[in-house]
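*Asks:* Dropping the structure in here first, questions after.
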Amino acid sequence: PQQLALHVSNEIPAEEAAFLEPLATVNQGVKRLRVKPLETVVVMGLGTMGLLNAQVVNLIGAHLIMTEISDKKIRRASELNLGKIVDSRKTDPVAEVMKLTDGKGADAVIFAIGNGIAYQQGYHMLKKFKGRLLFFAAGYPAPDFSFSPNDLHYRKMEFIGTINADNADFLDASKMLSKRMIDVSKCLEGVTIPLSDYAIALATASKPDSYRISVDLQK
């Protein structure tokens, strides 16, 4: 229906405007997490969706900490200058988050990667009471994750799931893109492949550490 069409500024390149849907899903998740200004939020994983989550959290005014193990992704995230990045290969991320929060722990953790090790780390870096975990990314095969149900009871912890977006999220995303409040250029590989070479596009996008590649539908 015409009333559901969303406007994205003509000044935004097509490959960046295509982030409307991914950014809308991130907006949905962050809203479900109820992030507030001045809270400490950890984003685990700095792939495409991790970079988007980090930027939306930053817009709200939260104190941001990010964790990653890939040199390329750490470099990309550092170019955005959003907050502290912890290299989990070199530093214990749980200990580092506790150090950066003066022993209090994070108010919330966003899992932008479906990984059992990350789940356990995020679980242990939460503050003592009313900490929140957002399971933004799924993992295949399903990651193992062990926790004490008593913690949910006594510590009033929350596990929050999210997927997709609603119309309001798409509207928010169109505004964020059009006003350049979010820099999605760091989420792109800078590679455009014609539709006639779609198999090559899939192979390119499937490489480890890859960000999004573009497909030119006119060729």
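*Asks:* To the nearest 10 square angstrom, what accessible area does Glu158 show with a 1.4 Å probe?
*Replies:* We get 60 Å² for Glu158.
*Asks:* Moving on. In terms of Cα to Cα distance under 23 Å, which lysines are near enough to Lys175, apart from those fewer than 8 places away along the same chain?
*Replies:* In chain and number order, the partners are Lys31, Lys36, Lys186.
*Asks:* Separate question: Please list, ordered by chain and number, the residues whose modelled amide H lies under 5 Å from the amide H of Met66; skip anything fewer than 5 residues away on the same chain.
*Replies:* It is Val43, Lys84, Ile85, Val86, by chain and number.
*Asks:* Let me know the longest stretch in the chain that avoids all chymotrypsin sites (Phe, Trp or Tyr not before Pro) found in a DSSP loop with at most 16 other C-beta atoms within 10 Å.
*Replies:* 1-128
*Asks:* I need the trypsin sites (Lys or Arg not before Pro) found in the stretch 126-197, filtered to DSSP loop residues with at most 16 other beta carbons within 10 Å of theirs.
*Replies:* Lys128, Lys130, Arg155, Lys156, Lys179, Arg180
*Asks:* Probe radius 1.4 Å, ligands and nucleic acids left out: which of Asp183, Asp87, Asp102 has the largest accessible area, and how do the rest follow?
*Replies:* Final ranking, largest accessible area leading: Asp102, Asp183, Asp87.
*Asks:* With unit charges on the beta carbon (Lys/Arg positive, Asp/Glu negative), name the residue among Thr101, His124, Ile85 whose Cα is farthest towards the positive pole of the charge dipole of the stretch 83-195.
*Replies:* Selected residue: Thr101.
*Asks:* Which percent of the accessible area of the chain is formed by carbon and sulfur heavy atoms (probe 1.4 angstrom)?
*Replies:* Whole-percent figure for carbon plus sulfur exposure: 53.
*Asks:* In addition: Binning every alpha carbon pair distance of the chain at 10 Å from zero, what are the percents per bin?
*Replies:* 8, 32, 36, 18, 6, 1
*Asks:* Given +1 on the Cβ of Lys and Arg, -1 on the Cβ of Asp and Glu, and no further charges, what dipole in debye does the chain carry about its Cα centre, rounded to the nearest 20?
*Replies:* With only Lys, Arg, Asp and Glu charged at Cβ, the dipole is about 700 debye.
The values are calculated or read from the model by the stated rules, or taken from the named source; none is laboratory data. As the structure is a prediction and not an experimental result, all values here were calculated from the model. Positions of Cβ are generated from backbone atoms using ideal geometry, with glycine treated the same way; all protein chains shown enter the neighbour counts. Accessible surface areas use protein heavy atoms only, side chains included; no ligands, DNA or RNA. Shrake-Rupley method; radii C 1.70, N 1.55, O 1.52, S 1.80 Å.
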